[in-house]
1. Mind checking which residues of the range 10-31 are part of a loop (DSSP other than H, G, I, E, B) and either of a type in the set (A, V, I, L, M) or under 58 Å from the mean Cα position of the chain (by Cα) (or both)?
2. Among (1) surrounded by 15 or more Cβ atoms within 10 Å (Cβ to Cβ); (2) part of a loop (DSSP other than H, G, I, E, B); (3) under 60 Å from the mean Cα position of the chain (by Cα), which single condition is residue 85 missing?
3. Against the condition without any contact (Cβ under 8 Å) to a residue 12 or more places away in the chain, open to solvent by 60 Å² or more (accessible area, probe 1.4 Å) and charged (D, E, K, R), how does residue 91 come out, does it pass?
4. More than 29 Å from residue 195 (Cβ to Cβ) and either within 58 Å of the chain's Cα centre (by Cα) or open to solvent by less than 80 Å² (accessible area, probe 1.4 Å) (or both) - does that describe any residue in the range 161-183?
5. Can you tell me which residues in the range 94-117 are open to solvent by 50 Å² or more (accessible area, probe 1.4 Å), closer than 29 Å to residue 23 by Cβ and free of Cβ contacts under 8 Å to residues at least 40 places away in the same chain?
6. If you scan the range 22-48, which residues turn out to be polar (S, T, N, Q) and open to solvent by 50 Å² or more (accessible area, probe 1.4 Å)?
7. Could you tell me which residue of the range 220-260 is modelled with the highest pLDDT, considering only residues that are closer than 30 Å to residue 188 by Cβ and open to solvent by less than 50 Å² (accessible area, probe 1.4 Å)?
8. Let me spell it out: the conditions are (1) modelled with pLDDT of 95 or more; (2) closer than 20 Å to residue 117 by Cβ, and residue 95 meets all of them except one. Which number is the exception?
Amino acid sequence: MALQISDTTPRIQYTATSGQTTFAVPFEFFDVADLKVYNGTTLLTYNNSPSSASQYSVIGAGVTGGGSITLGSGGATLNDKITIVRDLAIERISDFPVSGNFPIQTLNTELDKNVAMLQQLEEQFARTLQYPVTTTTGFNVDLPDLVANRVLSVNSDATALLAEQELGTFQGDWASSTSYQVRDLVKDTSTGNIFFVNSAHTSSGSQPLTTNANSAKYDLIVDAASATTSATNAASSATAASTSATASANSATASASSATDAQTAQTAAETAQSAAETAKTAAETAETNAETSETNAATSATTASTQATNASNSATASASSATASANSASAASTSETNAASSASTASTNATTATTKATEAATSATTATTQASTATTKASEAATSATNAAASAAAAAASADNFDDTYLGAKASDPTVDNDGDALNAGDLYFNTTSNVLKYYDGSAWNNIESVDTSGFATKGFATAMSIAL
């Protein structure tokens, strides 16, 4: 019975799983020897002889719909490429008799094999270089003989392939009077640039090649000069950014120090004010004591005057008693002695009262001086407190201005500053994701190494320096 040859490609390829052994053959084949099996690019062995080992076995020969092959020795490893192809010999070994019974089965088999051979050719043609079906120039074009170190190219009217074009190579530093081929690469030592030779020629003139008489025969492919300039600019930008960051850090330190100094000054002012208040209280107390001493002195003086008057009256009474009665002379004499003693005591008390009055006046003067000094100290303390408060306010403003300019380290581009306000051109921050310092140009963030740093003086660096100073 003849096979039914389906319209299919007599080739299948699999990507194996680990240990896979069985692979389907989805096309018809007549004999196990009609199949070739590859693992990667290695052709596997099949032998009919019982004494020879095969690397695979086959079922399904002569069956419509195909069959399968089974690998031995543990099967394939993961991701092995298993390719199965039908490969009939292009031959005819049968013959039909000119008379007698006609071998219909043999004819069917021959016709089946003819179709199978045509499928093989179709599959092989599918793996060849071909012109598209719509081509207008690709007919009757033969491959030329291959020549070492030449590449295939198309002639000027696109009707033939040529093997005349040399394969260009890197020729090193450019030199005059040198034969260069198309696709050669040369280095312009005056700029470091690399050029592609687009026309075969013998070089002449001098560098740089951009102004050479044959400049049209070179195409720039590596602009090393611009790359060097860019690298230098990037390094300068990085240095400027580093300097700006250092200045900003110094400014922040200075601001913190100013804030500390202001706090210290404010504390000192508060202490001075407290001392002034204490001195003022002491002066008021001294003044009160002086007034009390003065009052006591006046009282002592009044008492002494009264005692003197009493003594004088006693003396007068004693004299009258002596005149009035001789018998009272002894008593009068005693009274006189007592009166004299009282007078002496009164005089002493008067002197003491005068001394006390002088001391009271001195105390009052001292108290007045101390009160004036206390008032001065209080005024100075108030001035110091005002200055300290101004310093603290300036330090806080400086710190806030720096905080609004350098936004610190962040994982992504911020949309507002650290106070939640809108961004300003010149703002800076360090991106911890890409490890670069970035600058805001008024509409977008830019890496420092890719921008012109001449504009930094507008806000970032100048502001930071003004804070530091």
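1. The answer is 16, 17, 18, 19, 20, 21.
2. (2)
3. yes
4. In the first step, residues of the range 161-183 are kept if they are more than 29 Å from residue 195 (Cβ to Cβ); the result is none.
Within the range 161-183 (the criterion being more than 29 Å from residue 195 (Cβ to Cβ) and either within 58 Å of the chain's Cα centre (by Cα) or open to solvent by less than 80 Å² (accessible area, probe 1.4 Å) (or both)), the answer is no, since none of the residues qualifies.
5. Within the range 94-117, 114 is the sole residue that qualifies.
6. Across the range 22-48, the qualifying residues are 22, 41, 42, 45, 47, 48.
7. Among residues in the range 220-260 that are closer than 30 Å to residue 188 by Cβ and open to solvent by less than 50 Å² (accessible area, probe 1.4 Å), the one modelled with the highest pLDDT is 224.
8. So the condition that residue 95 fails would be (1).
The values are calculated or read from the model by the stated rules, or taken from the named source; none is laboratory data. The shown structure was predicted, so the numbers you read here are calculated from the model rather than taken from an experiment. As a convention, Cβ positions derive from the backbone with ideal geometry for all residues, glycine included, and neighbour counts pool all protein chains shown. For accessibility, only protein heavy atoms count, side chains too; no ligands or nucleic acids. Shrake-Rupley method; radii C 1.70, N 1.55, O 1.52, S 1.80 Å.
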